[in-house]
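K.L.:
Quick one: structure below, then a few questions.
What follows is calculated from the coordinates using simple rules that are stated; it is not laboratory data. Remember, it's a predicted structure, so these values are computed and weren't measured experimentally. In this analysis, Cβ positions are derived from the backbone assuming ideal geometry, glycine residues included, and neighbour counts consider all displayed protein chains.
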Amino acid sequence: MQLTRGIGQWWNDFSERRPLIAEMAKFSGLSFLVALLQYLLLTFLPALLFAVTDWGSRPAQFLHVSVGPIDTHAFDYPVTGDSLGGLSYFVAFVLMLVISQGVNFPLQRNIVFRSRGNVWFQLAWYAVALVLITIACSFLMSLYVPWLRGLVDPAIYNVLVTVINGGVQLVIYFPVFKIIFPASKADAAESAADERETVAA
C-alpha cells in the first residue's frame, strides 16, 4: 500500500513537472491496450465472417490511386481464397475499427487529455480525423500488405499488421488528439487535484 502510494505520488509530481511527457506516456499505454483489442478482434472476426458469409469471394477494392509507379487502392482486399482477403476481411476491419475506437475515444478524452469540451463537437472531429487517418494508413497498408501476406502465416501476419498500423497511427494521432481534446488550465489544475486526492485516499 505504501509502495503504491509512493509510486502514485512520484507520478503526480512527474506529471506536474513534465505534463507533455506524462500525457504521451498515458497515450502510448492506452493505445497499446487498444492495439491489443484490435489484434484480438482481427484474430477471430475475419475467420467468422469468412465462415458464415460468402463475402470472402467478393473483392473489396476502393479508392483507386495511380501515381507514377504506384497503382493500387486505398482499401485493397482482393479475393485470396481464405479469411485474409475479400469483402469479409474488409468488413471485419471496419467492425474492428468501430469497436476499438468506440473504446479509445472515452479513454483518450477522459483519462489522457482530461478534456471537458463539448463531447459531441469532439466526437464529430474525432470521426473526421479517424476517417482521414484510416484512409491514409490503409493506403500505406496496400503497399506492404500483399507482400507481407505471402511472406508469413496468418497469426504472425495479424500481429505485424497491427504493430505497423498501430505505430503509424500512434505518431499521427497524438498531435491530432491534442487539438481535438484541448484542456484549459483550470481543467488541468482540477485534474491534478483529483489525482492527488486519489493517491492520498
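K.L.:
What is the Rg over Rh value, at two decimals, for the stretch 2-200, using alpha-carbon atoms and the Kirkwood definition of Rh?
P.N.:
Values: Rg = 19.9 Å, Rh = 18.8 Å.
Rg divided by Rh gives 1.06.
K.L.:
Right, something else. Going by amide H atoms built from the backbone, whose H comes under 5 Å of the H on His73, apart from near neighbours?
P.N.:
For His73, whose amide H was placed from the backbone, the distant partners under 5 Å are Val65.
K.L.:
Using Cα-Cα distances under 8 Å and only pairs 6 or more residues apart, what relative contact order does the stretch 2-200 have, in percent?
P.N.:
Value for the stretch 2-200: 26 percent.
K.L.:
Next question. May I ask you to sort Thr80, Thr134 by Cβ crowding, counting other Cβ atoms within 10 Å and putting the fewest first?
P.N.:
Thr80, Thr134
K.L.:
Next question, about the same structure. List the equivalent ellipsoid semi-axes of the stretch 125-183 in whole Å, largest first, each obtained as the square root of 5λ for an eigenvalue λ of the Cα gyration tensor.
P.N.:
Sorted largest first and rounded, they come to 27, 11, 8 Å.
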